[in-house]
1. Please find, among I246, I300, the residue that is modelled with pLDDT of 95 or more, away from the ligand (no atom under 16 Å from the Cβ) and of a type in the set (A, V, I, L, M, F, W, C).
2. Could you check how many residues of the range 7-29 are surrounded by fewer than 13 Cβ atoms within 10 Å (Cβ to Cβ) and in contact (Cβ under 8 Å) with a residue 40 or more places away in the chain?
3. Within the range 277-292, does at least one residue satisfy the condition of being surrounded by fewer than 21 Cβ atoms within 10 Å (Cβ to Cβ), over 16 Å from the mean Cα position of the chain (by Cα) and modelled with pLDDT under 95?
4. Here are some residues: R295, R308, R343. Which one is near the ligand (Cβ under 9 Å from one of its atoms) and either small (G, A, S) or modelled with pLDDT of 95 or more (or both)?
5. Condition test on K192, is it part of a helix (DSSP H, G or I) and either within 16 Å of the ligand (Cβ to nearest atom) or modelled with pLDDT under 95 (or both)?
6. (1) over 29 Å from the mean Cα position of the chain (by Cα); (2) crowded, with 20+ Cβ neighbours inside 10 Å; (3) farther than 25 Å from Q63 by Cβ: which one isn't true of S220, the others all being true?
7. Which residue out of Y181, Y194, Y164, Y174 is touching a Gly at 6+ places or on another chain (Cβ under 9 Å) and free of Cβ contacts under 8 Å to residues at least 60 places away in the same chain?
8. Can you tell me which condition L160 does not meet? The list is (1) farther than 16 Å from Y261 by Cβ; (2) part of a helix (DSSP H, G or I), and all the others hold.
Amino acid sequence: MKDLKTIRGMPDLYDEEVERISIVEKTCLETFKSFNFQEFRTPVIENKSLFQRSVGESSDIIQKEVYEFEDRNGELLCLRPEGTAGLVRALITNGLMNDEIKKFFYLGPMFRYERPQKGRKRQFFQAGAELIGEESTKSDVEIILLAKTILEKLNIKYTLEINYLGKEDSLNSYRSYLREYLQNFKDELGEKVYSRLQRNPIRLIDSKDSNIQEICKNASDISEFLNNEEKESFKRTIKSLNDLKIEFNVNKKLVRGLDYYTGTVFEFIADGLGAQNAVIGGGRYDNLIKDLGGRDLPAIGFALGIDRLAEIINVAERKKDIFIGSVDDDSINYAQYIGNKLRENIEGLVVENYLGNANVAKQLKKADSQGFKFVMIVGQEEQNTKSFKLKNLNDGTENTLGEEELVEFLNGR
Ligand code: HAM
């Protein structure tokens, strides 16, 4: 029955898991909008070459995590592993490249062929924000503030780690330095790891492998390769964060796994997720738009793992308001009429119109076990008198109410 199994790392989502995910999505949406970011939706499938040119040929994502396939026309496509490249592609494709500062957000599924574990899936959901067209520290701060606000609204305890990678020249000299540094450890590393690190030496810095960490211990940090302008720019970002009383640690080992980063990079780390504790990652990508064929516009953004956050938020038990049962099939229509009248008049009221065949005693039990606060049963008598016996299942009190009184009573629930 293989065909009835879900694909590894791509679970079905239901019950509490979906509720948690919805809470995170709703908080992201509200916060993005409150910072005046506009929604952008790009396709889930793109040309693989888009990610080769942006995320980078030597990145883990391109090396081993992309879900790629040829379509019926022989085009090499893939499921998007992240959202930034698609958004930048869309800005270029749609001619949305004037000098105005642009603020966009997106939410949706991303796909990476990684080893599934707590906080890591092969289909996962990201919410991301991208601020295009502003190079200064002001945009670093705006993006970090936005990310931080989402975590605070979700009551997540976090630490913010930041670092500064510099532009192309500094990064290239750092890469050359690391390549040379690595030569001393060729035998220790073995041919395969050695050549992988030679291809993308910056991965040496944030490797999770203890052998590599040991080797990297005495290597210089990127900070030693920054020019004065870059050092000043990082200082300005740090000063602004301090001025705004945003707490952070400078983590010189934070280099991020995608090749498009230049300048400020950051991650928000949260407890309760084990090894996969980065809930938000982002940074500047001032060359990406130009490199993909667009204008020379600076940009900064982040993406957060919706599933990761959903695992660690505290959720209050969902509030269910009223269960409306019925004595017999003939009363169901009227029960539905009453249910809908309540929904129309009371915003957010959760009303269950019971449609099954259980007897009245069993219906009362269901209302209780499913966590409803109120229950009422509709029969011929209620239809004739237009009055209802409403029971509060929390404290056992009962009220007899007419239609309008019922609306009024539940409005003040
Ligand atoms: P990223 O660090 O690769 O950055 O991913 C951002 C966040 O997505 C991570 O911090 C994590 O919470 C979540 N995430 C990543 N992989 C998985 C997975 N396999 N399962 C569950 N959650 C995952 C980016 O994707 C960049 N596009 C962020 C960015 C936007 N930089 C600039 N703008």
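1. Numbers: I300 fails: away from the ligand (no atom under 16 Å from the Cβ).
Within the list I246, I300, the selection yields I246.
2. Total satisfying the criteria: 3.
3. no
4. On the way: R295 fails: near the ligand (Cβ under 9 Å from one of its atoms); R343 fails: near the ligand (Cβ under 9 Å from one of its atoms).
Of the residues listed, the single one that is near the ligand (Cβ under 9 Å from one of its atoms) and either small (G, A, S) or modelled with pLDDT of 95 or more (or both) is R308.
5. On the way: part of a helix (DSSP H, G or I): yes; either within 16 Å of the ligand (Cβ to nearest atom) or modelled with pLDDT under 95 (or both): yes.
Taking the combined requirement at face value, the residue satisfies it.
6. (2)
7. Values: Y181 fails: touching a Gly at 6+ places or on another chain (Cβ under 9 Å); Y194 fails: touching a Gly at 6+ places or on another chain (Cβ under 9 Å); Y164 fails: free of Cβ contacts under 8 Å to residues at least 60 places away in the same chain.
None of the others qualify; the one that does is Y174.
8. (2)
The values are calculated or read from the model by the stated rules, or taken from the named source; none is laboratory data. Predicted model only: the values in this text are computed from it and were never measured. So basically every Cβ, Gly included, is an ideal-geometry build from the backbone, and we count neighbours across all protein chains shown.
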